[in-house]
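Q: The structure that follows is given in the form of structure tokens.
The values are calculated or read from the model by the stated rules, or taken from the named source; none is laboratory data. Here the structure is a predicted model, which means the values were calculated and not measured. No Cβ is skipped: glycine too gets one built from the backbone with ideal geometry, and neighbour counts run over all protein chains shown. Remember, those area values only see protein heavy atoms, side chains included, never the ligands or the DNA or RNA. Shrake-Rupley method; radii C 1.70, N 1.55, O 1.52, S 1.80 Å.
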Amino acid sequence: MRHGTADIVIIGGGIIGCSIAWRLASAGRRVILCDAGVLGGEASWAGAGMLVPGSEYSRACPELTFALESLAAWPGFAAQLERESDTSIDFELCGALELAGSPAEFEKLRTLATTQRRLGIDCRVVEAQELRGMVPGLTAPLEGAVYFPKEGQVDPRTVTAALRIACQRAGVEIREHTRVTRLIPRDGAVSIESSDGGVIEAARAVIAAGAWSNLIDAGVRLPRCFPVRGHLIGYALSAGSLPHVLRFHHTYAVQRRGGYTIAGTSEEQVGFDRTLDPATVDGIAARAHALAGGIIPAVAQDAWIGFRPGAKRGPSLGRLDDTAIWLAYGHYRNGILLAPATAARIAGEIISSLESRLA
Ligand code: GLY
């Protein structure tokens, strides 16, 4: 059992929680970061790390604005993180392609691209011949694509490894294997209880526990978040063999700078069931191979699952009513993309609230 005091306790050490902790500690705040397991051990370990708002958003909405803001923040976030952790993260804006398999689909994508350009998403239509030159090795019959030149990928495992170091250097106290069970508001502050009987007294708490966020008793009903399991598969391929992120219907493929390639995915509401389903794995492998058989072999080397934090109304970001508790969860398919903007927003709000309390 460990007690303690802090300015802010962050509950959840995925990319979102770690990024918020890093920002707050860099601003001179005393931060304790709790995780029920290890930092970056769940969705931030499993995620493909695609930074592709163009494939996720097709109409004007606050989430799109936020996603574009976060994409624009990624290069600076990555460079600062590499500097402050002395760790290289695998980040690159290699461009992404949304592929069309029929004339009707291509027509739909063309129309969508016009709308997306108006919404501030940089994209252009690519005809079939140019597409074959951009990605030699595509084997599906494709009519064309829309290309998003400013999108890309980052390996979230390298990001959370770097965030651990940056957090430690900034003075964050990291408590792994510490499952927070209850938050009790007290006089504008909050007590944070963990399953080992430990209690931390803090001025502020942030719930950033991804799909597990609703398991915390905060004394009020929290916005609903639920696990959406995804299967992913991986292959060791030659570096540069897949130059752009590919999206085709429910299939995607993304290559790390070193050549490791990930394909996905599935969306399953099965609670926290960690069973790997061989039929789902084989199905993704077949789809990926059919799409780009000149690059992606028929059989994958690795397969794993992760739990996206599903939320019907988009992410919950900000203060919970007038409590000392902030919410930063429910990012669903886009937690890696949205991490820099989420950290900036949540850390900014908390710092302002602490400063106005003292004013
Ligand atoms: N971001 C990709 C996925 O959730 O599968």
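Q: Can you find a residue that is at pLDDT below 95, more than 16 Å from the ligand (Cβ to nearest atom), farther than 30 Å from A288 by Cα and surrounded by fewer than 22 Cβ atoms within 10 Å (Cβ to Cβ) anywhere in region 306-315?
A: Within region 306-315, one or more residues are at pLDDT below 95, more than 16 Å from the ligand (Cβ to nearest atom), farther than 30 Å from A288 by Cα and surrounded by fewer than 22 Cβ atoms within 10 Å (Cβ to Cβ).
Q: Look through region 316-359, keep the residues that are without any contact (Cβ under 8 Å) to a residue 24 or more places away in the chain and hydrophobic (A, V, I, L, M, F, W, C), and return whichever of them is least open to solvent (accessible area, probe 1.4 Å).
A: A359
Q: Would you check which residues across region 74-94 are charged (D, E, K, R) and in a helix (DSSP H, G or I) and list them? Give the derivation first.
A: Taking region 74-94 first, the residues charged (D, E, K, R) are 82-84, 86, 90, 92.
Correct list: E82, R83, E84.
Q: I need the full set of residues from region 275-325 which are in a loop (DSSP other than H, G, I, E, B) and under 21 Å from R256 (Cβ atoms), in order please. First the steps, then the outcome.
A: Keep residues of region 275-325 that are in a loop (DSSP other than H, G, I, E, B), which gives 275-277, 292-301, 311-315, 320-324.
Selection gives A292, G293, G294, I295, I296, P297, A298, V299, A300, Q301.
Q: Taking R229, is it within 16 Å of the ligand (Cβ to nearest atom) and at pLDDT 95 or above?
A: When the stated conditions are applied, R229 passes them.
Q: Considering only region 20-46, how many residues are in contact with a Phe, Trp or Tyr (Cβ under 8 Å, 6 or more places away or on another chain) and either in a helix (DSSP H, G or I) or not charged (D, E, K, R) (or both)?
A: Total meeting the criteria: 3.
Q: Checking E201 against (1) among the acidic types (D, E); (2) assigned to a strand (DSSP E or B); (3) modelled with pLDDT under 95, which test does it fail?
A: Exception for E201: condition (3).
Q: Can you pull out every residue in region 252-261 that is more than 11 Å from the ligand (Cβ to nearest atom) and not β-branched (V, I, T)?
A: Across region 252-261, the qualifying residues are A253, Q255, R256, R257, G258, G259, Y260.
Q: Follow-up. Among residues belonging to region 48-58 that are within 11 Å of the ligand (Cβ to nearest atom) and in a loop (DSSP other than H, G, I, E, B), point out the one that is surrounded by the fewest Cβ atoms within 10 Å (Cβ to Cβ).
A: Applying the filter and picking the extreme gives A48.
Q: Mind counting the residues in region 59-77 that are over 20 Å from T160 (Cβ atoms) and away from the ligand (no atom under 16 Å from the Cβ)? Walk me through how you get there before you give the answer.
A: So the first thing to find is which residues in region 59-77 are over 20 Å from T160 (Cβ atoms), and the list is 59-69, 72.
So of that shortlist, the ones also away from the ligand (no atom under 16 Å from the Cβ) come out as 59-62, 65, 68-69, 72.
Matching residues across region 59-77 total 8.
Q: Related question: Filter region 228-245 down to residues that are surrounded by fewer than 20 Cβ atoms within 10 Å (Cβ to Cβ) and under 18 Å from A286 (Cα atoms), then give me how many there are.
A: Looking only at that region, the number is 3.
Q: Another one. Show the residue pairs that are 6+ apart or on different chains and have beta-carbon atoms under 7 Å apart, the first residue being within region 172-200 and within 16 Å of I20 (Cβ to Cβ) and open to solvent by 30 Å² or more (accessible area, probe 1.4 Å), the second being of a type in the set (S, T, N, Q) and outside any loop (DSSP other than H, G, I, E, B).
A: I174/Q168
Q: A further question on this structure: Considering only residues of region 262-300 that are away from the ligand (no atom under 16 Å from the Cβ) and of a type in the set (D, E), which is surrounded by the most Cβ atoms within 10 Å (Cβ to Cβ)?
A: D282
Q: In addition: Mind checking which residues of region 126-182 are closer than 24 Å to V52 by Cβ and of a type in the set (G, A, S)?
A: Listed by number, the residues that qualify are A128, G133, G137, A140, G144, A145, G152, A161, A162.
Q: Just to be sure before I move on: is W45 within 16 Å of the ligand (Cβ to nearest atom), within 18 Å of L337 (Cα to Cα), open to solvent by 20 Å² or more (accessible area, probe 1.4 Å) and touching a residue at least 60 places away in the same chain (Cβ under 8 Å) in the structure I sent?
A: Yes.
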